[in-house]
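The block underneath contains the structure these notes are about, expressed in structure tokens.
The values are calculated or read from the model by the stated rules, or taken from the named source; none is laboratory data. It should be emphasised that the depicted structure is a prediction, and the values quoted were computed from it without experimental measurement. In this analysis, Cβ positions are derived from the backbone assuming ideal geometry, glycine residues included, and neighbour counts consider all displayed protein chains. Calculation scope for accessible area: heavy atoms of the full protein, side chains included, ligands and nucleic acids excluded. Shrake-Rupley method; radii C 1.70, N 1.55, O 1.52, S 1.80 Å.
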Amino acid sequence: MQKIYYDEIIQKKNVRENLSKIRKECKDAADCREWKKLFQDGEVLVSCLKEKDPKVRKNAALLLGDLSIKKAIEPLIKAYESEEVLFVKSFYLAALSRLPVTAYLDTFKSFYEKAIAVEPQENEKKHIGEEIRQLQKIITDIEGIKKHKFTGFRGKHDILLLTNREQKEATVQEISKSAGSFLRDAKVKTHPLGVLVTTDDVVTVKKLRTYRELLFPLCGGQFVSSDPVKAAGQIADGGLVSFLEEIHQGEAPFYFRVEVKSRMPLDKRSAYAKKFSMELERLTNRRVINSTSDYEVEIRLMENREGNFLAALKCFTITMKRFSYRKNAIATSMHPSTAAMLMQLAAPYSKEDAQILDPFCGVGTILVERNQVKKARENYGIDIFGEAIEGARENTELAGLDINYIHRDFFDFKHDYLFDEILTDMPLRGKKTKEEMDFFYQKFFEKAKEHLAKDGMIFLYTNEAGFVMKQIRLHPQYRLVQDFVIRKKEDFHFYVIKLKG
């Protein structure tokens, strides 16, 4: 079929359709190599750049890029310059972005300056915006981007900490315990998405452990329009660029990506983000530039029930070291901020200098976070998965802690002395049946009695509430002290259970 497609293109038969079919075949690397051999220096395709049908010109250009035909660089540049159909221009550039065009940097910079100087008509915005985006990509691919350094605030600003929605108070408590003099000057309140802190001290806030992400609300925390063009206008008018320049060393441009959290299907979210980005670039005179691969900040748009968006900024320029010890993880590993939150909830029921056991320790995250809240005298972690144990040892060394890890089945574990606390993230059901999980929890509670000291505590994270409550009913030695709902929809709980003395 390759020879048929090729011959028809030479004969000017079904050119558009054949080019489209070839492009689809070129998605396979082996087929792409065969087509490159057939087209050789690309003269046949270059000739298609002069065809009357703009879609033929478009497909021919993209195919030259797909096949990485270097000799096509100058013909593509000339075709771009002479192209009169607006929507086609960006496709020449898309093709050129896949070719080695470093020597033409000044040419592309000149094209870029001309493109941004145009005041587009409403019906031209989409195509000119895409043309500018492709020019930016070529230039930044060659030059890279000049990274900005985060320097902090000159005044007080709102910081939104995304936390577990059921247990926001854990973060509020952490702030009150660890912030010291910082707390006297900061305003702290809960927010639908977590905890809002108003302060000029981002350094202290970023060290907190119980939040998942740190964001800066835009537009004063007010919702922006569901229309991407209007939303871009509100954010541009809301001082985005001046805020970025305030908290960073160096001037614009800043490179951003957009994340749309919405009920919209993926294709509509992508279209929304693209339209929003183009408009924001235009309204800020390219002082913020969209880049999907190399960016410094993220503009997060989070949809509410009414369809409007809360806009916030995430700065990747802020150095985060709070979980730098967590080099290793496995599929079932708990996020360290969740572990930190659970240990904050457990803090009133735990004690300093305790002897602690985690029978299903994974890579050791809970044990590490337990020692961030209160130091233990002895720490033991057990897991049947050897790879997890090796990862836990490395993580713990990076955390600067001393924890004993044992590659063994908890139900075969023996020890010379008793433990003050057993804390664990219980294994998920997976392939086990309900009956097997029921038996597993029965064995766990029986085994735990062997290892707990008088008045010992169990801190247990699970989504098997029924099995836990059943075992507490069947074992009068245990008393349920506290039941924290962690993820209501998935029925995850964090139980504080005491072995009666």
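Numerical summary
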{"read-out": "Beta bridges per DSSP with both ends in the chain, % antiparallel, nearest 5", "value": "60"}
{"read-out": "Protein accessible area in the chain, 1.4 Å probe - carbon and sulfur %", "value": "47"}
{"read-out": "Around residue 66: net Lys/Arg minus Asp/Glu count, Cβ-Cβ under 12 Å", "value": "+3"}
{"read-out": "Å³ per residue enclosed by the Cα convex hull of the chain", "value": "195"}
{"read-out": "FRET efficiency, 1/(1 + (r/R0)^6) with R0 60 Å, evaluated for residue 146 and residue 434 via beta carbons", "value": "0.55"}
{"read-out": "Residues in segment 234-276 that a label on residue 154 would reach, taking backbone N under 17 Å of a point 7 Å out along Cα→Cβ", "value": "239-252"}
{"read-out": "Residue 44 - accessible surface, heavy atoms, 1.4 Å probe, Å² rounded to 10", "value": "30"}
{"read-out": "Proximal charge balance of residue 212 [Cβ under 12 Å; K/R count +1, D/E count -1]", "value": "+4"}
{"read-out": "Under-5 Å amide H pairs with residue 481, H placed in peptide plane, nonlocal only", "value": "496, 497, 498"}
{"read-out": "Å² of accessible area per residue within the chain, as computed with a 1.4 Å probe and no ligands counted", "value": "50"}
{"read-out": "Estimated 222 nm signal from helices in the chain, with DSSP H stretches of n ≥ 4 weighted -39500 (n - 2.57), rounded to 500", "value": "-13500 deg cm²/dmol"}
{"read-out": "Sequence-distant residues sharing a close amide H with residue 289 (under 5 Å, placed H)", "value": "254, 255, 256"}
{"read-out": "Charge sum, other residues only, whose C-beta stays under 11 Å from residue 257's C-beta, Lys/Arg counted +1 and Asp/Glu -1", "value": "-2"}
{"read-out": "Extended-chain gain in nm, criterion 0.36 nm per residue less alpha-carbon gap, residue 41 and residue 292", "value": "87.2 nm"}
{"read-out": "Sparse-neighbourhood loop sites, GluC sites (Glu not before Pro) in segment 231-268 - DSSP loop, at most 10 other Cβ within 10 angstrom", "value": "none"}
{"read-out": "The chain - Cys residues lacking any other Cys C-beta under 4.7 Å", "value": "48, 219, 315, 361"}
{"read-out": "Label-point separation, residue 465 to residue 3 (7 Å along Cα→Cβ), nm", "value": "7.1"}
{"read-out": "For segment 241-261 and segment 263-293, distance of Cα centres in Å", "value": "14"}
{"read-out": "Placed amide H near residue 405: partners under 5 Å, 5+ positions off or other chain", "value": "381"}
